[in-house]
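**Q** Structure incoming, see below.
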Amino acid sequence: MVIVAGHLVVEPHEREPYLADCVSVVEQAHRVPGCLDFSITADLVDPARIVVFERWESQAAVEAFRAGGPSGEQRAVILAASVSEYDVSAVRSLT
């Protein structure tokens, strides 16, 4: 399993338009074989922060979906980013 997680920082007034532009990407990801979870959401306490979380069955699934990241317009409003990929070797259910 592969997890992609982190955050983006944008001007607070840019966050909602950025997220609206991401709806089609999230919808597309949910249809891709191997996508277990994919979300791009507003941080509940920081008005400039966008949380990124993806969970994939394999590295091959991630690579089959990945199209180079945000569009040029989206990239232009990102002030900072910290997103990493994690290879998961074991999972423990908490429910």
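**Q** At 0.36 nm per residue, and after removing the present C-alpha to C-alpha distance, how many nm does the segment from Arg31 to Arg66 gain when stretched out fully?
**A** Contour length minus the Cα-Cα distance gives 11.3 nm.
**Q** Related question: Through the Karplus equation 6.51 cos²θ - 1.76 cosθ + 1.60, θ set to phi - 60°, convert the phi angles of region 37-54 into ³J(HN,Hα) values in whole Hz; use x for Gly and Pro.
**A** 6, 7, 8, 10, 9, 6, 5, 6, 10, 10, x, 9, 9, 10, 9, 10, 9, 9
**Q** What is the sum of charges, Lys and Arg at +1 and Asp and Glu at -1, for the other residues whose Cβ falls under 12 Å from the Cβ of Val9?
**A** Within the 12 Å Cβ shell, the charges total -2.
**Q** For Ala90 and Val51 in one chain, what is 0.36 nm times their gap in residues minus the Cα-Cα distance, to one decimal in nm?
**A** Extra length from Ala90 to Val51 when fully extended: 11.7 nm.
**Q** Sticking with this one: Trypsin sites (Lys or Arg not before Pro), restricted to region 22-95: which are DSSP loop and have at most 15 other Cβ atoms within 10 Å?
**A** Arg66, Arg92
**Q** On to the next question. Give me the percent relative contact order of the chain, please, defined on Cα pairs under 8 angstrom at least 6 residues apart.
**A** Normalised by residue count, the contact order of the chain is 46 percent.
**Q** What is the spin-label model distance, in nm, from Ala20 to Ser58 if the labels are put 7 Å beyond Cα along the C-beta direction?
**A** It works out to 3.9 nm between the two label points.
**Q** Here's something else I'd like to know. So what is the 222 nm mean residue ellipticity for the chain from helices alone, if each DSSP H run of at least 4 adds -39500 (n - 2.57) and you divide by all residues, rounding to the nearest 500 deg cm²/dmol? Write down the numbers at each step before the final one.
**A** Working: 3 runs with 33 residues, N = 95.
Rounded to the nearest 500, the figure is -10500 deg cm²/dmol.
**Q** Also, I was wondering about something else. Quick one: net charge around Val62, please, counting Lys, Arg +1 and Asp, Glu -1 for every other residue with C-beta under 14 Å from its C-beta.
**A** Once all neighbours under 14 Å are counted, the net charge is -4.
Here, each number is a calculation from the coordinates, and none is a lab measurement. Computed from a predicted model, the values in this text were never measured in an experiment. A quick note on method: Cβ atoms are made from the backbone with ideal geometry, for glycine too, and the neighbour counts reach across all protein chains shown.
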